[in-house]
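Remarks on the structure that follows.
The values are calculated or read from the model by the stated rules, or taken from the named source; none is laboratory data. These figures come from a predicted structure and were not determined experimentally. Here Cβ is always computed from backbone atoms with ideal geometry, including for glycine, and neighbour counts include all displayed protein chains. Just so you know, the surface numbers come from the protein's heavy atoms only, side chains and all, with ligands and any DNA or RNA stripped out. Shrake-Rupley method; radii C 1.70, N 1.55, O 1.52, S 1.80 Å.
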Amino acid sequence: QEAGPHRCHNPGSVDAVAPELLALHYEAAEAWAEAAAANVRAGNRAAGLLANADAADRLAKAITQAESAGSSAAATAFAAHDAAARLRFRLGAYEEVERHAAYMATYADSPVQRATALRHLAAACMSTGRAEAAAQHLTDAAAMLDEDSIAHTGTLRDVHFDLAHVELRAARLSQALAHAACARRLCDPADRPALVRLDILDGRLAHTEGRF
């Protein structure tokens, strides 16, 4: 999202400075909470550029710095472990995904955050042949969320989307169809990427049903 090595979309704010430079500045000042937040941004940017080693180093720094900052940086610690879990999943390091998800659960302070940690656990389980454990994690996540809450809707949609894939892999087609329908019902009509993912899922379900 940032427009170059030293710029982003909010000129005049701290976000207009490259996070790598901010991290150096805050580390020199031993302002660990701010350094951690800057390193999360830098790590996410590196991950987006597929600079995986740099991303991993940045996020590991952010985690250590957030821990040094204490409770005031709990949200940043959650964000750092979340980003690290996503990176490790992409790299196929599923045990690391589970480790980061466990830390996320300790820092989570809302149902959405707890559900997000469970989604990571479920993804790691699915990738290591533990479909039933994945289904249970996602079922637990869905139970935490209220579809009448605007703050929960997007995450609940994603949980149902994940459950549809789990049930499809387990050859439980009726359950997969039901979760796909829930995900579509909860989807914002303006969220084109989410709608495309749902269309692809619906295509897979139709193919499994023999509807070509």
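Would you confirm, using the coordinates I've provided, whether ASP82 is under 27 Å from GLU30 (Cα atoms), open to solvent by less than 60 Å² (accessible area, probe 1.4 Å), acidic (Asp, Glu) and in contact with a helix residue (DSSP H, G or I) (Cβ under 9 Å, 6 or more places away or on another chain)?
Against the criterion (under 27 Å from GLU30 (Cα atoms), open to solvent by less than 60 Å² (accessible area, probe 1.4 Å), acidic (Asp, Glu) and in contact with a helix residue (DSSP H, G or I) (Cβ under 9 Å, 6 or more places away or on another chain)), ASP82 qualifies.
Provide a single number: the residues in the range 124-165 that are of a type in the set (Val, Ile, Thr), open to solvent by less than 30 Å² (accessible area, probe 1.4 Å) and either over 21 Å from LEU195 (Cβ atoms) or in contact with a Ser or Thr (Cβ under 8 Å, 6 or more places away or on another chain) (or both).
1
What tally of residues in the range 53-71 results from selecting those that are within 13 Å of ALA35 (Cβ to Cβ), surrounded by fewer than 24 Cβ atoms within 10 Å (Cβ to Cβ) and not hydrophobic (A, V, I, L, M, F, W, C)?
Adding up the residues that qualify gives 4.
Filtering the range 162-211 down to residues that are more than 23 Å from HIS120 (Cα to Cα) and touching a residue at least 40 places away in the same chain (Cβ under 8 Å), which residue is farthest from the chain's Cα centre (by Cα)?
Restricting to residues being more than 23 Å from HIS120 (Cα to Cα) and touching a residue at least 40 places away in the same chain (Cβ under 8 Å), the top hit is THR208.
In the range 171-212, which residues are closer than 26 Å to HIS152 by Cα, open to solvent by less than 50 Å² (accessible area, probe 1.4 Å) and not in a helix (DSSP H, G or I)?
CYS187, ASP191
Any residue in the range 15-44 that's farther than 18 Å from SER68 by Cα: show its pairings with residues that are in a helix (DSSP H, G or I) and open to solvent by 10 Å² or more (accessible area, probe 1.4 Å) at Cβ separation under 6 Å, as long as the two are six or more apart or on different chains.
Hits for this filter: PRO19/ARG41; ALA42/GLU20; ALA42/ARG58; GLY43/ARG58.
Can you tell me which residues in the range 124-148 are in contact (Cβ under 8 Å) with a residue 24 or more places away in the chain, over 15 Å from GLU167 (Cβ atoms) and in a helix (DSSP H, G or I)?
ALA124, SER127, MET144
Hey, among the residues in the range 96-123 that are open to solvent by less than 20 Å² (accessible area, probe 1.4 Å) and of a type outside the set (Gly, Ala, Ser), which one's nearest to LEU168 (Cα to Cα)?
Filtering first and then ranking leaves VAL97.
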